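Quick notes on the structure that follows.
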Amino acid sequence: MKKNFRLMAMAIAAMAAVTFSACNADDDYFAEPLQSDGDLGTRAATAVFNNSKSKGVLVLQEGNMTTENGFLNFVGNDGKYYLKVGGERYANVAQDLSLFGNTLYVVCQNYPKGNGPGAIVTVDASNFTVTDRYQTPTSVINPTHITVAAADKIYVRSSGPNYRGQFVYCFNSADDVNPTRLSLSVDDDETISSTTSPSATPAATPMVVANGYLYICSNKGLVVYKTSTNERIGIVGSGSSFKGVIKGAGKVYAYTNGTLYIITPTSDSAAISETNTKTVTLNFSTYSNSAQMSYYNNSIFYATSGGVVYKYALSGTTTAQLGSIFTDAVDDAGSIMYNGIAVDPSTGYLYVGSTVYGNTDNKNFSNTCALQVFDVNSSFERVKTFQGDERFTAGIFFWENFDTTLSAPTVFNYVTSDQLEKYNSDEFYE
C-alpha cells in the first residue's frame with residue numbers, strides 16, 4: 001500500500017512566500033551579496049557575475065539533524081539567488097537530488113527525524129512546488145544519494161542503521177515499499193540482512209547515469225548496471241576502491257587511487273571498458289557527500305577538504321593549483337568548505353558552499369552557509385559571494401546535466417532571507 005506522508009507546512013505569516021517573476025530586476029527579494037563583497041580590492045572590483053548563459057543552478061540545503069528540514073535554493077540566469085524556492089521545506093537532512101522529465105526527486109536522510117527511514121520527496125520542476133513525500137521502507141535507512149534513469153528506475157543509496165548495511169536500491173516508483181537491492185560484487189550475498197555490513201559497499205559518492213548505464217562507486221570496483229534491464233553488466237577496476245565518478249561531454253570519469261578511468265558508454269562492452277585510463281593523483285576531499293569532482297571544458301576540477309581548488313586538464317599529465325576559496329574571502333564567507341565544488345557547464349562558474357560558525361548581526365542561525373562563485377575560464381577569480389542564512393549545503397546541481405526537456409522556471413514562490421525561520425533548538429521545523 002502506498003505510504004504517503006505529507007508534512008504540514010509551517011503556518012507562520014512572516015515566512016509566507018509570494019509569487020514573483022524571477023526576471024524582475026526591480027524587486028529586492030533575493031539573497032543579496034555580502035555587504036563587504038566590494039572591499040576585496042581589484043579582483044572583486046573588476047569581477048562581473050554574468051549568469052545569463054546558465055540554464056539554472058540548484059542549491060540543496062540539508063537543514064539540520066532533528067531541528068530543521070532541508071530545502072532548495074536556486075540561482076537563476078538573472079544572477080539572483082532565490083531562497084527556499086517553492087516556499088516550503090522537504091524532510092530532515094536533505095542529501096541529494098535528481099531531475100528526470102518534469103520531476104525533481106529529493107532524497108532526505110530522516111523522516112521525520114532521527115536514525116530511521118528517510119524520504120523521497122517529489123517536486124514539480126516547473127514551479128518548484130512539493131507534490132508528495134514518501135517514507136522509504138525500513139530496509140532503506142539513512143538514504144544519502146539518488147539518481148533517476150526513468151520513472152520506474154529510481155536508484156537510492158542507503159547508509160543503513162549506524163552506517164552499517166550500506167546498499168543501493170532500485171525503486172520502481174517514488175512510493176515503492178519493496179525496492180530491489182542491487183548486487184555490487186561477484187561474491188555478494190543477496191540474502192544478507194540490511195542491518196549487516198555487506199562485503200561490497202557503495203562509496204559515499206553520487207551515482208551517475210550516462211546513456212542508459214548506471215555507475216556506482218564501491219570498495220570493490222566501479223559497478224555498472226544497464227538501466228533498461230536493471231542487470232549488472234560488469235565491474236570496472238575490480239578489487240579497487242573507487243573514490244568518485246562524474247560525467248561530462250558524453251563520457252564517464254571514475255577515479256581510484258592514482259588511476260582515472262575514462263569511459264564512453266555507447267554499448268555494453270564500451271560501458272565497462274578499461275582501455276582508456278590516465279595515471280594521475282587527485283587529492284580531492286573524500287569527506288564530501290556531493291560531487292568530489294566536476295567536469296568542465298575537457299578538464300576536471302576538485303578541491304581538498306581545506307578548500308584548495310585544483311584543475312586537471314585531460315590533455316595534460318599534471319594537476320594545477322588554482323587557489324583557495326578562502327583567500328581574500330569576506331569574513332562571512334566562513335572557513336570550512338561544506339561538501340564539494342561544482343562547475344556550471346554553461347558558464348564555467350565554480351560554485352562552493354562554505355560554513356560560517358558563530359552568530360553575527362546578519363545571521364538567523366548559529367551555523368550558516370555562504371555560496372561562493374568563481375570564474376575558472378581564465379583564472380580563479382571570485383565573482384560573487386552570496387549570504388544565504390541557511391544551514392549546510394548538501395549539493396550544487398546544474399539544470400542541463402539532467403534528463404529533461406523542461407526549462408528552469410522563471411516564476412515561482414520563494415522566501416527572502418529575512419523571512420527564513422529563526423533557529424530554535426527546541427523546535428523541529430516541518
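Take each of the peptides 145-153, 265-273, 56-64, 292-300, average the number of other beta-carbon atoms within 10 Å over its residues, and list them starting from the highest.
56-64, 292-300, 145-153, 265-273
Defining a contact as two alpha carbons under 8 Å apart and six or more residues distant in sequence, what relative contact order in percent does the stretch 218-289 show?
23 percent
If you average the C-alpha positions of the stretch 131-202 and of the stretch 57-72 separately, how far apart do those two centres end up, in angstrom?
22 Å
Can you give the local net charge around T277? Use residues other than it whose beta-carbon is closer than 15 angstrom to its beta-carbon, Lys and Arg +1, Asp and Glu -1.
Around T277, the charge tally is +2.
As a quick test, which of the pairs K53/K251; K53/K311; K278/K311; K55/K251; K153/K226 have an alpha carbon distance above 18 angstrom in this structure?
K53/K251; K53/K311; K55/K251
Given a cut-off of under 8 Å on Cα pairs at least six residues apart, what relative contact order in percent is computed for the stretch 45-154?
Computed value for the stretch 45-154: 20 percent relative contact order.
Suppose a student asked you for the relative contact order of the stretch 171-319, using Cα pairs under 8 Å spaced at least 6 residues apart; what percent would you report?
Reported relative contact order: 14 percent.
Any read-out appearing in this document is the output of simple, stated calculations on the displayed coordinates, not a laboratory observation. Given the structure is predicted, the values throughout are model-derived calculations rather than measurements. Reconstructed Cβ throughout: ideal geometry from the backbone, glycine too, with neighbour counts over all protein chains shown.
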